[in-house]
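Undergrad: One structure follows; several queries about it will come next.
The values are calculated or read from the model by the stated rules, or taken from the named source; none is laboratory data. Since this is a predicted model, take the numbers as computed values, not measurements. No Cβ is skipped: glycine too gets one built from the backbone with ideal geometry, and neighbour counts run over all protein chains shown. SASA here: full protein model, heavy atoms, side chains in, ligands and nucleic acids out. Shrake-Rupley method; radii C 1.70, N 1.55, O 1.52, S 1.80 Å.
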Amino acid sequence: MATPLSASSFLDALKDEGLTVAQVGDWRHHNRNHKGKWGPVHGVMIHHTVTSGSAHTVDICRKGYASLPGPLCHGVITKNGKVHLVGYGRANHAGLGDDDVLRAVIAETALPKDNEANTDGNARFYGFECENLGDGKDPWPAAQLEAIERAAAAICRRHGWTERSVIGHLEWQPGKIDPKGFTMNSMRGRIRDRLG
């Protein structure tokens, strides 16, 4: 359990991990905090966007949709490996998920199968949306995978978490498939190696 990093500390963490970061609009104050609390935080959640085109993807993740207002994450990781910060605070990215999964993330133990949606994840996870069609065919460039690894490691490093605090949306909420095209176990292995 941890208090969320300040927006400045979040930005510094990403830059310190060697990431190229773009700050989009007034991202520090763009959030859904009026809908509920933000924190304590327990981990990092990775998503794919089901979009193509970096500018279009960043715009959607910042503004959201009529049925799901933005921000839809904290950072958008585009195919070139750049992290675009679109919001900070509560964001519409995780939705309801499995309390057993949350307990495993907090304990940093092996994840159980997600089989219920009874716990608010938007209050508890940092979220990164990653530009990809999510069809299993759209490639994941090496620069993008490295940026996902670095972004997750940056947050874990600041909080003193291990790679087990990083999960995919598909491990949190039944019926979700993202991210599709690489496994979260392989990504956690990369994050573990980066954290040393």
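Undergrad: Only residues that are under 30 Å from Ala104 (Cβ atoms), assigned to a loop (DSSP other than H, G, I, E, B) and of a type in the set (Gly, Ala, Ser): list them for segment 8-36, please.
TA: Gly18, Gly36
Undergrad: With the structure loaded, tell me whether Thr109 is among the polar types (S, T, N, Q) and more than 21 Å from His159 (Cα to Cα) or whether it fails that test.
TA: Working: among the polar types (S, T, N, Q): yes; more than 21 Å from His159 (Cα to Cα): no.
No; evaluated as a whole, the condition is false for this residue.
Undergrad: Within the set of pairs 6 or more residues apart or between chains, which connect a residue that is free of Cβ contacts under 8 Å to residues at least 60 places away in the same chain inside segment 70-87 to a residue that is of a type in the set (Lys, Arg) and assigned to a loop (DSSP other than H, G, I, E, B) with Cβ atoms less than 8 Å apart?
TA: Pro71/Arg32
Undergrad: Okay, moving on. Do you know which residues across segment 104-143 are among the aliphatic types (A, V, I, L, M), open to solvent by 40 Å² or more (accessible area, probe 1.4 Å), within 15 Å of Val44 (Cα to Cα) and outside any loop (DSSP other than H, G, I, E, B)? Spell out the reasoning first.
TA: As a first pass, look at segment 104-143 and keep what is among the aliphatic types (A, V, I, L, M): 104-107, 110-111, 117, 123, 133, 142-143.
Still in the running and open to solvent by 40 Å² or more (accessible area, probe 1.4 Å): 106-107, 110-111, 117, 133, 142-143.
Subsequent filtering for residues that are within 15 Å of Val44 (Cα to Cα) retains 106-107, 111.
Answer for segment 104-143, where residues must be among the aliphatic types (A, V, I, L, M), open to solvent by 40 Å² or more (accessible area, probe 1.4 Å), within 15 Å of Val44 (Cα to Cα) and outside any loop (DSSP other than H, G, I, E, B): Ile106, Ala107.
Undergrad: Go through (1) touching a Cys at 6+ places or on another chain (Cβ under 7 Å); (2) β-branched (Val, Ile, Thr); (3) open to solvent by 60 Å² or more (accessible area, probe 1.4 Å) and name the single condition Ile77 misses.
TA: It fails just one condition, (3).
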